[in-house]
Amino acid sequence: MAVDVLLGLQWGDEGKGKIVDYLADKYQIVGRFQGGPNAGHTLWIDGKKTVLHTIPSGIFHEHLVNVIGNGVVIDPITLMKEIDGLEAGGNEVRSRLSISRKAHLILPTHKLLDMASEASKGEMKIGSTLRGIGPCYMDKTGRNGLRIGDILSGSFDEKYQSLKEKHLHLLKLYPAIEYDLQPEEENWFAAIERVRKLNLIDAEYFVNERLKAGESILAEGAQGMMLDIDFGTYPYVTSSNTITSGVCNGLGIPPSAIRNVLGVTKAYCTRVGSGPFPSELDNADGERIRVAGNEFGSTTGRPRRCGWLDIPQLKYATMISGTTHLAITKLDVLNAFETLSVAERYKVGGSVTDQLPFDINEGILDVVHSVHDGWMEEINVTSYDRLPQAVKNFLTYIEDQLGLPISFVSTGPGREELIAR
Ligand code: GDP
Ligand code: IMO
Ligand code: MG
């Protein structure tokens, strides 16, 4: 019937996976539309933790089809490892999973190129997850890429060798890195053999037929709005469109089919990797948030940079992504703060603004904060009305600033620790 979109409004890791899992029951299809194994979406179900990288977060729901769309880039090794892990935990995966034939493949040499490119940048490195994402999307837009559907063709090995040779040439342009390609290639081809037996489909036909038949789709964003290739803090971004329009490109869905856009934001802000972060707290408060929020990357384990919520950044993100509703996560992480700050405006060159400047990377802006009372108590309620008054005041402030309703408040990592309004 319609497509609802869920995406991150910050620099990723907003808690998207948890909310998708919570909402999935209302849909017949959950689809990933961009990104790849750079993503790490954490679900806590019955006290058990799962981190999903390529597989959509609806996988624990029996009735659902989980679609990996054409806009996603797939590393067959990671994908098969993920499937093995889920199956070893007693979960049904294969009958619930369909993969677009048009999704692009990450080759072992894409990862080498990612590594070499980052190493060559020194201090200016992006802080990539080194999963080969950038080089794979470069081959896609450069019209050299290999797609999932190609693995079914007789000339696949030939195509692979030709692209690999090209990558090995390119690697010579960078300072030398150490690698042993052969074992990685063997694993890759073994994984490809197994991917051939998965449900590989023409996903654009599938989703449109299902929509016509009255079914509903939840499109699951990876990364976050500020990592979008066009509108994020370029060049410190990922290589795909993480915004709502990415759903059309990455699943084959017409814009007119999109209904609601649920933007997910933490009650504060984090970023992993390099690049500007106006509200960053490079001090004891930042460390306090990191410890309370266990802010370490789900994919790479790197410590996440922490800071206060940033209103100009969120205004920008909600504008570009056409957000209709908000989900606020990790509210509980702020339980012990007597006061909370929020970056309410930026000061750029003597004037106050709530717009992101083009040259945000140059560190030219200062932040004007607003200060709010903390609540200094655990949040153990399941209804919005019973939240402490200071929490309600904080949430109302966010709603007023962004002009959007908060529909979900997450108060812990568990599936049930969520208040739906
Ligand atoms: P995603 O990439 O957006 O799906 O988010 P990640 O899984 O990378 O990071 C979010 C982290 O916060 C995970 O460890 C989640 O288990 C955890 N989490 C999600 N929601 C909450 C919450 O409301 N409170 C707390 N304390 N942790 C949460
Ligand atoms: P989820 O879906 C947080 C960041 C990397 C780096 C930049 C580019 O879990 O929210 P890439 O590997 O894409 O070339 O890295 O983007 N990044 C993420 N940060 N969460 C993610 O995904 C991310 N995926 C990529 O840290 O700064
Ligand atoms: Mg994550």
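Just so you know, all these numbers are worked out from the coordinates, no wet-lab data involved. Small disclaimer: the values here were computed from a predicted structure and weren't measured. Cβ coordinates were reconstructed from backbone atoms using ideal geometry, including for glycine residues, and neighbour counts include every protein chain displayed.
Computed about the Cα centre, the dipole magnitude for region 1-157 is approximately 300 debye when only Lys and Arg (+1) and Asp and Glu (-1) carry charge, each at its Cβ. Between Pro357, Pro108, Pro56, where does the largest GNM mean-square fluctuation fall for the chain, given springs only between Cα atoms within less than 10 Å? Highest fluctuation of the listed residues: Pro357. A Förster distance of 41 Å, applied to the separation of the beta-carbon atoms of Asp202 and Ser370, puts the FRET efficiency at 0.25.
For the pair Glu209 and Leu181, the difference between a 0.36 nm per residue extended length and the Cα-Cα distance amounts to 5.9 nm. Under 17 Å of direct C-alpha separation, and excluding same-chain neighbours fewer than eight residues apart, Lys16 reaches these aspartates and glutamates: Asp4, Asp25, Glu220, Asp228, Glu295, Asp332, Glu416, Glu417. For Arg32, Arg131, the sequence from fewest to most other C-beta atoms within 10 Å is Arg131, Arg32. Hey, what angle do you get for helix 203-212 against the long axis of the chain, alpha-carbon based, 0 to 90 degrees rounded to 10? Orientation of helix 203-212: about 50 degrees from the principal axis. Working from Cα positions, state the angle (0 to 90°, nearest 10) between the long axis of helix 389-402 and the longest principal axis of the chain. Orientation of helix 389-402: about 60 degrees from the principal axis.
In this structure, the residue pairs whose Cα-Cα separation is over 24 Å, taken from Lys49/Lys315; Lys121/Lys166; Lys111/Lys330, are Lys49/Lys315; Lys111/Lys330. Under 5 Å between amide hydrogens, built in the peptide plane, is the criterion, and for Leu97 it picks out Asn66 among residues at least 5 positions away or on other chains. Residues Ile106, Ile126, Ile99, arranged from fewest to most other Cβ atoms within 10 angstrom of their Cβ, appear as Ile126, Ile99, Ile106. Simple rule: put +1 on each Lys or Arg Cβ and -1 on each Asp or Glu Cβ in region 265-420, find the dipole, and look at Val348, Ile379, Phe296; the Cα lying farthest toward the positive end is Phe296. The magnitude of the dipole of region 265-420, with charges of +1 and -1 set on the Cβ of Lys/Arg and Asp/Glu and taken from the Cα centre, is near 380 debye. For region 60-137, a simple Cβ point-charge model (Lys and Arg +1, Asp and Glu -1, everything else neutral) yields a dipole of about 280 debye relative to the Cα centre. Report summary: the helix-based calculation at 222 nm, which adds -39500 (n - 2.57) for every DSSP H run with n ≥ 4 and divides by the residues of the chain, gives -9000 deg cm²/dmol. Between Arg259 and Val381, the simple label model (points 7 Å from Cα in the Cβ direction) yields a spacing of 2.9 nm. The angle between the Cα long axis of helix 156-171 and the longest principal axis of the Cα atoms of the chain comes to about 60 degrees, rounded to the nearest 10.
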